[in-house]
Amino acid sequence: MISLILALKSLTLMDSIKLTIEIPYSSLEPLIIPIVELINTRSIEVIEQSKSNDAIIDNKKVMELLSISRATLYRFRDIGLPCKMIGGKSTYVKGEVLDWYKNYKA
């Protein structure tokens, strides 16, 4: 049994009323299971994307990925490291960064 507690406030009175509704779990199960499955599926997609080379990463992740300082990151950007500004923030495509760095090191 699941209890839902709702606090209701009247628009004209400042009194609140507490209402407790008890619902058997079996009646909520058909609603809960698809939601949990959707959350689990979406979490897996996000994890897989972060591992892929198509992942969008920020300055901090690039510095970690290449083991470089912030100054080196800015120098790399000046000489061609692919970077896009989105909402005033520098963003990078992980695969593009890795490809550029391999060519830079060659």
Exercise for the section: Of all residues in the stretch 63-94, count the ones that are polar (S, T, N, Q) and either touching a residue at least 12 places away in the same chain (Cβ under 8 Å) or over 17 Å from residue 105 (Cβ atoms) (or both). Expected result: 2
Completion exercise
Subset of the stretch 87-106, residues of a type in the set (Ser, Thr, Tyr) and either loosely packed, with under 15 Cβ neighbours inside 10 Å or assigned to a loop (DSSP other than H, G, I, E, B) (or both), comes to 104
Practice task
Looking only at the stretch 76-86, decide whether some residue is at pLDDT 75 or above, in contact with a helix residue (DSSP H, G or I) (Cβ under 8 Å, 6 or more places away or on another chain) and in a helix (DSSP H, G or I).
Solution key: yes
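The values are calculated or read from the model by the stated rules, or taken from the named source; none is laboratory data. Bear in mind that the values here come from a model prediction, so they are computed numbers and not experimental data. No Cβ is skipped: glycine too gets one built from the backbone with ideal geometry, and neighbour counts run over all protein chains shown.
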